[in-house]
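One structure is given below, encoded as structure tokens.
The values are calculated or read from the model by the stated rules, or taken from the named source; none is laboratory data. Note that the coordinates shown come from a computational prediction; the quantities given were computed from them, not determined experimentally. Every residue, glycine as well, gets a Cβ built from its backbone with ideal geometry; the counts of neighbours run over all protein chains shown. Remember, those area values only see protein heavy atoms, side chains included, never the ligands or the DNA or RNA. Shrake-Rupley method; radii C 1.70, N 1.55, O 1.52, S 1.80 Å.
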Amino acid sequence: MNKKYISGAILLGLALIIAFVTGSDYMSLRELPEITPGPGVTKVVMLSDYFSDLKDTPGDTPVYIMEGENPGGKSLILGGTHPNEPSGHLAAILFLQNATVDEGTVFVLPYTNRSAFTHNDPQEGSPQSMNFITRDGEELTLRYGSRATNPIHQWPDPDVYTHQASGQRLSGSETRNINRAYPGAADGNLTERVAYGIVQLIKAEDINLTFDLHEASPEYPVINATVSHEKGMGIAAVGTMELQFSGIDIALEPSPVNLRGLTHRELGDYTDTIPFLMETANASQGRLRGETSERLALTGQDKAYVFAESLGFLYVPYDEKGHSIEERVGRHLQGIIEFTKAYSEQYPDKPVVFENVPTYEQLFASSDGSDLGGPRIGQYLIK
Ligand SMILES: [Zn+2]
């Protein structure tokens, strides 16, 4: 055979191998790590059990149900609304793997916008995963995703995104942001249908209290804060004071009435639940950050942010210790503990009582902050 054909065949073969390897790697992003339920989980269902149109779509997502021995109220924890904000995803996982519920029922969604976990934001250099050693010494890889639904699952974006319930107009890419889609729409795009499914869950189960767990860049004004719908302000005020007494500096913000599509506004307006949205400081999504890596997502240690702090650009204190994932997850879990207590005191006929949730003290405050990322939080994770 002609030499030319042989070298051509070899090159074609190599190209196919490279295409196969990189293609498989890319396709594997669509499969997400399964989250092992802890001893307090009594049932796992799917969001499509509340809104059947989501069945077999990339938006369908597991709902972990933790029923107490005694009846009571019901609460819902939304982790992973924005999958590039890892503390919300991890706090939901730590809750469902560790907590046991005594009174009432807790529902947990670790993958609220499941589709958004299957890709990264373009041109951000985000890590694709976060790695931990579990308490049994096993390796556990969790995903770092995007703020918004994967365009493979919802395309194209309109030039202008119009929020169905209010007519509010936002830039086109916000059409894939589930926290601009509530109360959702049964006949809407995938993001609106997932939001609608969550609203159906809240209505069907008569959820009393909802937590939506987020992070924000250190230069964003609403940070280390809880945003509450007006009907939750009494509970939020008591909970915030308790958090401050225990040494957690946290602000309380009222949900703006003219900012539409967000959990703290629409879930409060369209359902009977009392919604709270909590924010911690995540340098890996900030605009002033230096090198973007898994390490940054887990430690928050970044010279660029220490410098930005010295210039007065930030809304949180920032030094070389950063803001570790232990601190950020600890804030979320301690917030859930205190706001739930305040709720149960105000509604003693429908209490939600749980134990064994890792506290801020256990996760963070008792350490000197010298070790990085994974090891301490890993003690509370199972594979
Ligand atoms: Zn967010």
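So the values come out like this:
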read-out	value
ARG169, ARG143, ARG135, ranked by accessible area, largest first (probe 1.4 Å)	ARG169, ARG135, ARG143
Segment LEU259-ALA9, extension gain: residue separation times 0.36 nm, minus the distance between their alpha carbons	84.1 nm
Portion, in percent, of the accessible area of segment 22-112 that falls on carbon or sulfur, probe 1.4 Å	48
Mean Cβ neighbour count within 10 Å, used as a protection proxy, ranking 112-125, 251-264 highest first	112-125, 251-264
0 to 90° range, to nearest 10: angle between helix 325-346 axis and the chain longest Cα axis	30
Helical mean residue ellipticity (222 nm; -39500 (n - 2.57) per DSSP H run of 4+; nearest 500) of the chain	-9000 deg cm²/dmol
Calculated from backbone phi, Karplus (6.51, -1.76, 1.60) coupling profile of segment 281-286 in Hz, x at Gly/Pro	9, 10, 5, 6, 10, x
Surface/4 estimate of mean projected area, convex hull on alpha-carbon atoms of segment 62-219, nm²	11.1
Carbon/sulfur fraction of accessible area - segment 268-349, other protein chains in place, 1.4 Å, %	51
Solvent-accessible heavy-atom area per residue, rounded to whole Å², over segment 227-383 at 1.4 Å	43
Tail weight of P(r) past 31 Å, computed on alpha-carbon pairs of the chain, percent	35
Angle between the chain longest axis and helix 190-205 axis [Cα atoms, degrees, rounded to 10]	30
Table column - 3J(HN,Hα) (Hz), segment 175-184, Karplus curve with 6.51, -1.76, 1.60, x for Gly and Pro	5, 9, 9, 5, 7, 10, 9, 5, x, x
Whole-Hz ³J(HN,Hα) from phi, Karplus 6.51 cos²θ - 1.76 cosθ + 1.60, for segment 126-133, glycine and proline x	5, x, 8, 8, 10, 10, 9, 9
TYR270-ILE17 pseudo-label distance in nm [points 7 Å out on the Cα-to-Cβ vector]	5.2
Rounded tilt (10° steps) of 233-245 against the dominant C-alpha axis of the chain	80
Sites TYR26 and ILE133, calculated FRET efficiency, Cβ-Cβ separation with R0 35 Å, nearest 0.05	0.80
Residue-normalised accessible area of segment 105-151, expressed per residue, 1.4 Å probe, Å²	36
Cα gyration tensor shape of segment 43-133, rounded if a/c is under 1.5, else prolate or oblate by comparing a/b with b/c	oblate
Neighbourhood charge, 9 Å Cβ-Cβ cut-off, centred on GLY239 and excluding it, Lys, Arg +1 and Asp, Glu -1	-1
For THR81, residues with placed amide H under 5 Å, excluding near neighbours	THR112, ASN113, LEU213
Over 26 Å between alpha carbons, listed pairs LYS203/LYS231; LYS203/LYS341; LYS55/LYS350; LYS303/LYS383; LYS43/LYS341; LYS55/LYS341	LYS55/LYS350; LYS303/LYS383; LYS55/LYS341
